[in-house]
Amino acid sequence: MPNSDNSLVRPSRRRRRLGISVLAILVVLVVIGIVVFRNVGHWLVHEDPLGKADAIVVLSGGLPFRAEGAAGVFKSGCAPAVWVSRPEGPQEELAALGIHFVGEEEYNREILVQQGVPDAAIRIFPDTIVNTQDEVEEISRDMRRDGKHTVIIVTSPQHTRRVKALWKKLVGDDPRVIVRAAWGDPFDADHWWRTTADVLAVVRESMGLLNVWAGLPVRPHLQ
């Protein structure tokens, strides 16, 4: 009988230890998940040290904050020119209705001038772009054509890591990019889950990074 009792006790102890181990692993995973969840907003922000460059670029979107950030970089003396992207818009559709469309690029130009950038130092890209990938390809193409080697790109804080990843994927190290954040942007990296706008920004940037790492299988539209 004593041997029979011991044989019953040992499996019970093993099950208890196994249960405690599984619970401990689950607790650790939950803690890791909470830490990752809370810090993903900060992780998306990846800013480079500021340095001398041939030009500053205002990426499309984020009115008026990206243009304001670019104006601040310009006034620091890091580059002699500011380039502005021309995003795709409903020009043709509105023209058919007899309505004049003022593109985002014109508002960015006005913001730059209002912030102290000379109009002669501002250049708007001639071609329209659909997304950040188009912008990176356009910027690098023009830089190589003109023999320029360093550009400062100003974008929203949560967009900086994806811009850097896209440049590395599509361009490499020459021309070189310096990515800077427009800190006037209202994105709240500490509490990004509290507003719909910040949640959408985090989801969009995270999915965009996954697309870059996967080799850009998702395209903005069919060519």
Residue selected from the range 17-48 under the condition closer than 30 Å to GLY72 by Cβ and assigned to a helix (DSSP H, G or I), by the criterion modelled with the lowest pLDDT: ARG38
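Which residue is nearest to the chain's Cα centre (by Cα), if the candidates are limited to the range 114-128 and must be surrounded by fewer than 14 Cβ atoms within 10 Å (Cβ to Cβ) and in contact (Cβ under 8 Å) with a residue 12 or more places away in the chain?
Checked the range 114-128; the qualifying residue nearest to the chain's Cα centre (by Cα) is ASP127.
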The range 134-165, residues that are among the hydrophobic types (A, V, I, L, M, F, W, C) and not in a helix (DSSP H, G or I): VAL151, ILE152, ILE153, VAL154
Criterion (at pLDDT 80 or above and in a helix (DSSP H, G or I)) met by exactly one of ARG14, ARG10: ARG14
Boolean, ALA197 is crowded, with 16+ Cβ neighbours inside 10 Å, modelled with pLDDT of 95 or more and either in a loop (DSSP other than H, G, I, E, B) or hydrophobic (A, V, I, L, M, F, W, C) (or both): no
GLU205 surrounded by 16 or more Cβ atoms within 10 Å (Cβ to Cβ), among the acidic types (Asp, Glu) and closer than 18 Å to ALA55 by Cα: no
Test: residue in the range 150-164 that is among the polar types (S, T, N, Q), within 22 Å of TRP43 (Cβ to Cβ) and free of Cβ contacts under 8 Å to residues at least 40 places away in the same chain: no
Hits in the range 188-209 - residues which are farther than 13 Å from ASN39 by Cα and under 12 Å from the mean Cα position of the chain (by Cα): ALA201, VAL203, ARG204, GLU205, MET207, GLY208, LEU209
Any chance ALA67 is among the small types (Gly, Ala, Ser), crowded, with 20+ Cβ neighbours inside 10 Å and at pLDDT 95 or above: yes
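Could you tell me whether ASP185 is part of a loop (DSSP other than H, G, I, E, B), over 17 Å from the mean Cα position of the chain (by Cα) and surrounded by fewer than 22 Cβ atoms within 10 Å (Cβ to Cβ)?
No: the conditions fail for ASP185.
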Filter pass, ASN131 being in contact (Cβ under 8 Å) with a residue 24 or more places away in the chain, closer than 28 Å to ASN39 by Cβ and in contact with a Pro (Cβ under 9 Å, 6 or more places away or on another chain): yes
Pairs where the first residue, in the range 89-106, is surrounded by 13 or more Cβ atoms within 10 Å (Cβ to Cβ) and the second is part of a helix (DSSP H, G or I) and not basic (Lys, Arg), C-beta under 9 Å, 6+ apart: GLY89/GLU104; PHE101/GLN91; PHE101/GLU92; PHE101/GLU93; PHE101/LEU94; PHE101/ALA95; GLY103/GLN91
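If you check GLY51, GLY72, which single one turns out to be at pLDDT 85 or above, surrounded by 10 or more Cβ atoms within 10 Å (Cβ to Cβ), under 21 Å from the mean Cα position of the chain (by Cα) and part of a helix (DSSP H, G or I)? Quick ask: steps written out before the conclusion?
On the way: GLY51 fails: part of a helix (DSSP H, G or I).
Just a single option satisfies the conditions, and that option is GLY72.
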Selection from the range 166-179 of residues that are part of a strand (DSSP E or B) and either buried (at least 19 other Cβ atoms within 10 Å of the Cβ) or at pLDDT below 95 (or both): VAL177, ILE178, VAL179
Number of the condition not met by ASP174 [criteria: (1) over 16 Å from the mean Cα position of the chain (by Cα); (2) of a type in the set (Asp, Glu); (3) closer than 24 Å to LEU63 by Cβ]: (3)
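The values are calculated or read from the model by the stated rules, or taken from the named source; none is laboratory data. From a predicted model like this one, the values you see are computed outputs, not experimental measurements. Heads up, the Cβs are rebuilt from the backbone with ideal geometry, glycines too, and the neighbour counts pull from every protein chain shown.
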